[in-house]
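The values are calculated or read from the model by the stated rules, or taken from the named source; none is laboratory data. All of these numbers come straight from a predicted model, not from anything done at the bench. With ideal geometry, Cβ positions are generated from the backbone for all residues, glycine too; neighbour counts draw on all protein chains shown. Just the protein is used for accessible areas: all its heavy atoms, side chains included, with ligands, DNA and RNA removed. Shrake-Rupley method; radii C 1.70, N 1.55, O 1.52, S 1.80 Å.
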Amino acid sequence: MSEKIKLALAQGATCSGGDIAVLDLDVELLKLFEVVDLTFAPLATDIKFKDVEAMQDGEITICLYHGAVRNSENEHVAKLLRKKSKIMVAYGACAAFGGIPGLANVTTKNKILDTVYNETATTVNPEHTRPQTKYVDPDGHELELPELFEDVKALDDVVDVDYIIGACPPTREMNVQLLQVILDFVNGKAPLPPKGIILASERTLCDECPRKKPEKVIIDEIKSVDYTKLDPEKCFLEQGIMCFGPATRAGCDSKCIKVNMPCRGCMGPTAAVLDHGGSMLSAFTSILKVSGTETEIPEEEIEKLMEKIRDPLGTLYRFTLPKSLLKRVVKE
Amino acid sequence: MRDTFKPKIVVFCCNWCAYAGGDLAGISRYQIKPYFRVIRTMCSARVDPEWIMEAFRLGADGVMVAGCHPGDCHYIGGNYRTRRRVAMLRSLLKQFGLHSERLGLAWISAGEAEKFAKTMNSFIDRITELGPSPYRRKKANNETTGAKKETVDV
Amino acid sequence: MTYPKLEDEKYKVKEKVIRIAPATRLEGHAQINVFLDDNGEVEDTYFQVVELRGFEEFCKGRPIEEIPRITTRLCGVCPWPHHLAAVKALDSAYGVEPTPTAKKLRELGYCAHMLHSHIAHIYAMSVGPDMICGWAAEPEERNIVGVINVVGPEIGKKVLTNRAYSAQIQEIIGGKATHPIFGLPGGVSQPLSEENRNKIAKMADELVEFGKFGLQVVNDFILKNKQLVNVVVNKDLFYHETYYMGLVNKNNELNFYDGDVRIIDPAGKEFGRFGPETYLEHMAEHVVPWSYLKLPYLRKIGWHGFKDGPESGIVRVAPLARLNVADRIPTPLAQQATEHFFDVLGGKPAHYTLAFHWARAIECLYAAERLKELINDPEITSKDVRNIPTERPTEGVGIIAAPRGTLIHHYECDDKGLIKKLNLLVASSINYPAMNLSMKKVAKAIIHKAEVSNGILNMLEMCFRAYDPCFSCSTHALPGQMPMEVKVFDSKKELIKTITRPEQKNENTDSCSWQSDSVG
């Protein structure tokens, strides 16, 4: 009990918001460091891959892995840390569902190559040089780079995951709860929670949302945030604006709503939902007003009406594309 | 390859109109190509977009939603929602890379046996023309797909 | 154990290649390769960035008004510059001017972010472990816990408390500290309440004190240590005479949020200036086969390899560059600190790479003072925070001074307002050539006869840490199974063989057909 446990903060294809989320515990970090030895955490410590490889299996008690799995290094780190850790946590929306990097499933590797290394406005590359997974320089020096996968995956698609924590990034309130879970576990005060999704409600964001909820939501028109004056008290859906509340777990303290912007679903779907985007599509299309002259409206006009959501794929699957039913874009 | 391709098509029929129409088509001995399976729901509005995507994920080449004519829904306004849902779902599926005609929408009343037969046959022909769904090919390449859910909420 | 520990025991390596992976105490995925010759001297070093995600491609087709919420995810350490550069690009694309209060709120939140980002870097990632614990301290000690052990829990608490203030201010203004969402074309999503204004005002006073404290730390732990200072000013180590660029307002004063980008040459003379309309005339990017990150350079000079001096297109950005480029800092305490800075370092421009850390601490003080100015501005609580755009968006560029340097977002959209093309020129990319330059020089200077030590290897990492790199920002790109060509050279650098693999059209192919043709 007085023995410190080892904690790792491993990175996949990440923005490091997960690292900063832990750092943002600020003064609470002092409590954390009383019971925890921060080991492999590339943002903050100097432990290298070779040091992790030299550890015993299970030597690390908890590994918080943030970031999606999108290249061979991400997968290698996931597997290595899984081996050396007792408890593996998919920390943050990317590790949990794919996150924003998961949006890369809308495109292909070749398209990306062309865009980045030739097409962008500042790139000057007449020789069509491309980064290579294996390269030998004119002096004979060998260099390697990780290989890209075709698909972006969530962490539990490549290793067994014990706990999943959503949100982008996990909020300070969630992290303080997580800290308490760790402290209680190390001090023998409470067992760890059952495996699965933690620090999230089983209910949707609407349950937690501070806005006035109308009896019924019926809208005339679909609107977008750029041209609309946003009412700070009315439900966003009531204002005609897509908000992912109805399909998304609560537990994030509705931070986006509180700054007067709609939810985009980073806490992931509730357990009752098979497909995050499909579920929201169903809900959103149901709130449009059905007029008395509905039968006279031809299909084409209905289609034009629905096209006001200009990018269903990117909006409905903002954080969860790799975990959607269809997972990625294909070609006929 | 195209000559031997037999499409897998799922047709969601609402109980009161489309399914009855399908029943009548069967009794009336209309010849319909056998490459579709029917799933009956009480209303076309009960068809969850998630199910349609699950059908494509599992390898369906085409999915059809068939319900009552607008204005004749047994539950008054159900098929109005169906229309909107299918419209947005079509845009979404198009972005996913599926040909927009792989998702069909038809209004077939209980007495329209011939319409049922004609609609099914022309949908099957069209899907046959389009060929196997790209998700079918993809499924053959990957081992694990789909969401991990313990229970299915129906 | 006396701190800082700057020397440790060397040992000989048998291998001809030293690989350090992953690079640590930075943001992002990178690795270092040092190649030794038969005598154990350094032949070359490569600092590779090994990650990539694909923003420039997968943002295509996304609605332009959603982009500020997507591009923040380029980086969780500096999401604010991406959010604000995105929002400024939107202002420009929609042709709408934000209200004065909206601009002030954006800048206010942004100053808090600067503090948040710089404090983490100084105390947890660079100066703390490398100069307070010492670059030769045990690897297990060179981290935030080690720093707190050396400076004591009181200072540790002070740092953490003030960083918490900056997080709270970001959350009040932007919705979340990490991944703010409040930016809209023409303004921000909500005004600042009087209650929150008072909360922030109290914190602002403490933050200014903390800014001063930061400079005291630099003074007590670095400037007073002769051994450390000798390393900092040693021209054979962390020193390069390069171009510099940074954002300045119309009076050529430092400003993080708005202004022009000013470029100075290694002698300190103004070389050029650009804004959103003209950035393409000045900036270009070079591609190499050994890194996923591109190498930006000054277009007018050209890419001439890893060299110093006015003939090389390498340019440096971030705190040292900004202090070099600005004529003055518009807040009094930071201006005083800057004058002292250049006094000690022998005038402008200062070329000492490790001085980036000191410049970063000065920027903390400026950020705190500016934050205090803005929170006391009577307009800051005005309800007029949005001008709703009336035009359809077309094309826009947003430039901002990120903690790590100049950041440019450039968007083009179609008539539905969906992104057609997206270009990102990111600060840490701009400093990337200089990082390699630093590493090549320092490695050759400190590694001899194949003898290394923990401290020596860490010194190599200090080459990039000075720039506080953020490689998630830089690598928005995504290569894959590309057509590959391997050229084999002999020791006379003559091409003896070329092996090519044609472009893979199918997914999931593990086998590849290789064609080899020998030359000569």
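Work out the FRET efficiency for residue B:114 and residue C:379 from their Cβ-Cβ distance, taking R0 = 51 Å, and round it to the nearest 0.05.
Working: r = 72 Å, r/R0 = 1.42.
That gives a FRET efficiency of 0.10.
What does the net charge come to around residue A:206 if you take all other residues with beta carbon closer than 12 Å to its beta carbon, with K and R at +1 and D and E at -1? Before the final figure, lay out each step's value.
Details: positive: A:203, A:211, A:212, A:213, A:249; negative: A:207, A:208, A:238.
Charge balance near residue A:206 sits at +2.
Excluding residues fewer than 8 places away in the same chain, name every one of the aspartates and glutamates whose C-alpha is closer than 20 Å to that of residue A:216.
Filter leaves A:207, A:208, A:231, A:233, A:238, A:294.
For the protein assembly as shown, which whole percent of the accessible surface, found with a 1.4 angstrom probe, sits on carbon and sulfur atoms?
Values: 18580 of 37020 Å².
Its accessible area is 50 percent carbon and sulfur atoms.
In the structure shown, do any of A:308/C:416; A:258/C:202; A:31/A:189; C:226/C:307 have a Cα-Cα gap over 19 Å, and if so which? Please report the intermediate quantities before stating the final value.
On the way: A:308/C:416 9 Å; A:258/C:202 22 Å; A:31/A:189 16 Å; C:226/C:307 29 Å.
A:258/C:202; C:226/C:307, as the Cα separations exceed 19 Å there.
Applying 1/(1 + (r/R0)^6) with R0 = 51 Å to the Cβ-Cβ distance of residue B:101 and residue A:195, what FRET efficiency is obtained, to the nearest 0.05? Don't jump to the answer; show the numbers that get you there.
Details: r = 44 Å, r/R0 = 0.86.
Step by step, r from the Cβ atoms, then E = 0.70.
Restricting to DSSP loop positions (anything but H, G, I, E, B) with no more than 12 other Cβ atoms inside 10 Å of their own Cβ, which trypsin sites (Lys or Arg not before Pro) remain in segment C:370-400? Display every interim value, and only then the final one.
Working: sites: C:370, C:372, C:383, C:386; in loops: C:383.
Those satisfying the criteria are C:383.
Return the value, in Å² to the nearest 100, of accessible area buried between chains C and A (probe 1.4 Å, both sides summed).
Details: alone 21980 and 18720 Å², together 31590 Å².
That pair hides around 9100 Å² of surface in total.
Amide H of residue B:64 versus every other amide H placed in the peptide plane: which residues, excluding those fewer than 5 positions away on the same chain, fall under 5 Å?
B:10, B:11, B:12, B:104
Roughly how large is the A-B contact in terms of buried accessible area, totalled over both chains, probe 1.4 Å, nearest 100 Å²?
Working: alone 18720 and 9320 Å², together 24260 Å².
Heavy-atom accessible area buried at this interface is about 3800 Å².
Solvent-accessible area per residue for the protein assembly as shown at a 1.4 Å probe radius, Å²?
37
Of the lysine pairs in segment C:71-195, how many meet both conditions: Cα atoms under 27 Å apart, and a spacing of 8 or more in sequence or different chains? Could the numbers behind the result be given before it?
Numbers: C:88/C:103; C:88/C:104; C:88/C:176; C:103/C:176; C:104/C:176; C:157/C:176; C:158/C:176.
Close lysine pairs found across segment C:71-195: 7.
Calculate, in nm to one decimal, what residue C:161 and residue C:14 gain on full extension: separation in residues at 0.36 nm each, minus their alpha carbon distance. Display every interim value, and only then the final one.
Details: separation 147, 0.36 × 147 = 52.92 nm, distance 4.69 nm.
In short, 48.2 nm is gained.
Accessible surface of residue B:14 in the full protein assembly, 1.4 angstrom probe, to the nearest 10 Å²?
Surface open to solvent at residue B:14 totals about 0 Å².
Kirkwood Rh and Cα-based Rg: tell me the resulting Rg over Rh for segment A:205-323, rounded to two decimals. Walk me through the intermediate numbers first.
Values: Rg = 14.4 Å, Rh = 15.0 Å.
Using Cα coordinates only, the ratio equals 0.96.
Using a 7 Å offset from the Cα along the Cα-to-Cβ direction at both residue A:34 and residue A:54, what is the distance between the two label points in nm, to one decimal?
Result: 3.2 nm between the two label points.
List, by residue number, every residue in segment A:13-40 with a reduction of 50 Å² or greater in accessible area between the chain on its own and the complete protein assembly, 1.4 Å probe.
A:15, A:20, A:23, A:24, A:26, A:27, A:30, A:33
Roughly what would the spin-label model give for residue A:76 and residue C:390, points 7 Å off Cα along C-beta, in nm?
It works out to 5.8 nm between the two label points.
Taking the Cα-to-Cβ direction at residue A:227 and at residue C:230 and moving 7 Å from each Cα, how far apart do the two end points lie in nm?
Calculated label separation equals 6.9 nm.
Rolling a 1.4 angstrom probe over the protein chains, ignoring ligands and nucleic acids, what is the accessible area of residue C:306 in square angstrom, nearest 10?
Probe radius 1.4 Å; accessible area of residue C:306 about 60 Å².
Residue A:27 label point, 7 Å along Cα→Cβ, cut-off 17 Å on backbone N: hits in segment A:141-184?
From segment A:141-184, the list is A:172-173, A:176-177, A:180.
Determine the principal axes of the Cα atoms in segment B:9-134, then give the extent along each, sorted from largest to smallest and rounded to whole angstroms.
36, 32, 18
When the expected Rg is taken as 2.2 N^0.38 Å, what fraction or multiple of it is the alpha-carbon Rg of the protein assembly as shown?
0.96
Probe radius 1.4 Å, ligands and nucleic acids left out: which of C:194, A:299, C:66 has the largest accessible area, and how do the rest follow?
On the way: C:194 100, A:299 60, C:66 10 Å².
From most exposed to least exposed: C:194, A:299, C:66.
For residue C:38 and residue C:453, compute 0.36 nm times the residue count separating them, minus their Cα-Cα distance, and round to one decimal in nm. Please list the in-between numbers first.
On the way: separation 415, 0.36 × 415 = 149.40 nm, distance 1.90 nm.
Full extension from residue C:38 to residue C:453 adds 147.5 nm.
So, R0 is 35 Å and r is the distance between the beta-carbons of residue B:75 and residue A:208; what FRET efficiency does that work out to, to 0.05?
Details: r = 32 Å, r/R0 = 0.91.
The pair residue B:75/residue A:208 has a calculated efficiency of 0.65.
I'd like the Kirkwood hydrodynamic radius of chain C, using the inverse of the mean 1/r over distinct C-alpha pairs, in Å. Walk me through the numbers on the way to the answer.
Details: mean 1/r = 0.0417 Å⁻¹.
After inverting the mean inverse Cα-Cα distance, the result is 24.0 Å.
Which residues belonging to segment B:85-103 lose at least 40 Å² of 1.4 Å-probe accessible area when the assembly is complete, relative to their chain isolated?
Residues of segment B:85-103 that lose at least 40 Å² of accessible area once the other chains are added: B:85, B:87, B:88, B:92, B:95, B:96.
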